[in-house]
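Peer 1: Submitted below is the structure of interest, expressed as structure tokens.
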Amino acid sequence: MEPLTVAFFGISGSGKGTQCDLLEKHLEQEDPSHGVIRPEMGSLLRTFMQTGTSLAKHVEGILHSGGLVPSFVPIHLLTQVINDSFDGTQHVILDGTCRRPDQSRAADDMMRMWGRTALHAIVLKLTPESAKARLTARGRFDDAKDEAIASRFAWYEEHVVPSIEELRKLGWTIHEIDGEPDVPTIHSNILSTLNLK
């Protein structure tokens, strides 16, 4: 199997993290010879903030105020993961790493350096109403506030949707997957879409 590069997208509540987990496990089981690299930007940012550097403190302040981290930070963190862990043979799952068009261009540059051609983006499509119901059901205070939810959805449309379109322009194959069904159905549809079944 040719190693895959798959970037995941979806509004808050779309189940993106869950589907990344399931795809990662599937690839590890079905194609153990390649291995899987999965940079998850939320986790990378949390680890980075613990370094206590001046830059880390600035990033922490931005995130705590609900602001946007400058793109050079996620690009730097992704570059670090690629430098430390990637030799070109592994499957790559990009989880929250292409949230603005310049980040999409950086991810494309990195993958093209290794001659990657199986470049895919999975976009989980979910209505705002369904996403809001899921976020509210989680029971977390920050998820349940109408204002916070509306802000996340607006941010996705303003910044993330153009990032998906940037990958499309760069030649990635964009797959829109219905995010409304149950988790196993969505996972099965993703495997079919990526010709992994």
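The values are calculated or read from the model by the stated rules, or taken from the named source; none is laboratory data. These figures come from a predicted structure and were not determined experimentally. Neighbour counts run over all protein chains shown; Cβ positions are idealised from the backbone, glycine included. Remember, those area values only see protein heavy atoms, side chains included, never the ligands or the DNA or RNA. Shrake-Rupley method; radii C 1.70, N 1.55, O 1.52, S 1.80 Å.
Peer 1: Name the most mobile residue of Gln103, Gln80, Gln19, meaning the one with the largest mean-square fluctuation, in a Gaussian network model of the chain with Cα contacts below 10 Å.
Peer 2: Gln80
Peer 1: Less than 16 Å from a label point 7 Å out along the Cα-to-Cβ axis of Glu28: which backbone N atoms in region 79-103 qualify, by residue?
Peer 2: 90-95
Peer 1: Normalised by the residues of the chain, what does the relative contact order come to in percent, with Cα pairs under 8 Å and at least six apart?
Peer 2: Details: 254 pairs, mean separation 66.7, N = 197.
That works out to 34 percent.
Peer 1: Roughly how many percent of the accessible protein surface of region 57-123 is carbon and sulfur, given a 1.4 Å probe and a whole-percent answer?
Peer 2: Summing carbon and sulfur atoms, their accessible area is 53 percent of the total for region 57-123.
Peer 1: Moving on to the next point. Which residue fluctuates the most in the chain, going by a Gaussian network model with Cα springs under 10 Å, if the choices are Val36, Val59, Val92?
Peer 2: Ranking Val36, Val59, Val92 by mean-square fluctuation puts Val59 first.
Peer 1: What list of ³J(HN,Hα) values in whole Hz, one per residue of region 75-89 in order, does the Karplus curve 6.51 cos²θ - 1.76 cosθ + 1.60 (θ = phi - 60°) give from phi, with Gly and Pro shown as x?
Peer 2: 5, 4, 5, 5, 4, 4, 4, 4, 5, 7, 10, 10, 10, x, 9
Peer 1: Pick out, from Ser163, Thr173, Asn189, the residue whose Cα sits farthest towards the positive end of the charge dipole of region 153-192, with +1 on the Cβ of Lys and Arg and -1 on the Cβ of Asp and Glu.
Peer 2: Sorting the options by dipole projection puts first Thr173.
Peer 1: Next question. Calculate, for region 7-53, the solvent-accessible area per residue in square angstrom, rolling a 1.4 angstrom probe over the heavy atoms of the protein chains.
Peer 2: I get 45 Å² per residue for this part.
Peer 1: Moving to a separate point now. Before I look further, what does region 73-177 give for accessible area per residue, probe 1.4 Å, in whole square angstrom?
Peer 2: 50
Peer 1: While we're on this one: At 0.36 nm per residue, minus the direct Cα-Cα distance, what do Phe153 and Ser130 gain on full extension? Give it in nm, one decimal, please.
Peer 2: Numbers: separation 23, 0.36 × 23 = 8.28 nm, distance 1.21 nm.
Computed gain between Phe153 and Ser130 is 7.1 nm.
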